[in-house]
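Okay, so here's the structure we're looking at.
None of the figures in this text is laboratory data; all of them are computed from the coordinates on show. Bear in mind the structure is a predicted one, so any value in this text is a computation, not a measurement. Note: ideal-geometry Cβ built from the backbone for every residue, glycine included; neighbour counts use all protein chains shown.
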């Protein structure tokens, strides 16, 4: 496993410790924040982001939901096409979407 190192000024470390955030917790939170950012930018997939965060996929998805971060990002045209497909399936009475 690869690692990165971030040097923090001593004053920052002391300020964080005052708030109860020790270095272990900071490392965990930094990994999660990085995973979220890279997912939002489209640089990592949902699954890879969850792995980076050290979380199960379902837990990572729940976290994204709580932060109001969409898991899928459809363009307007893709949404229109999906809506047409769903409406057509409903009108045909099958109720089954073939995806």
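Side notes on the structure shown:
- The convex hull of the Cα atoms of the chain, projected and averaged over all directions, covers 9.3 nm².
- Degrees between helix 76-92 axis and first principal axis of the chain (Cα, 0 to 90, nearest 10): 40
- GNM on the chain, alpha-carbon springs under 10 angstrom: the most fluctuating residue among 32, 71, 18 is 18.
- Once the Cα atoms are used to define both axes, helix 57-66 deviates from the longest principal axis of the chain by about 90 degrees.
- Residue 71 paired with residue 87, simple spin-label distance in nm, labels 7 Å along Cα-to-beta-carbon: 2.6
- Computed from Cα positions, the angle between helix 23-40 and the longest principal axis of the chain comes to roughly 30 degrees.
- If the chain linking residue 15 and residue 47 were pulled fully straight, counting 0.36 nm for each residue of separation and taking away their Cα-Cα distance, it would gain 8.2 nm.
- Over region 1-69, relative contact order from alpha-carbon pairs under 8 Å, at least 6 apart, %: 21
- For region 1-16 versus region 33-56, the inter-centroid distance based on Cα atoms is 21 Å.
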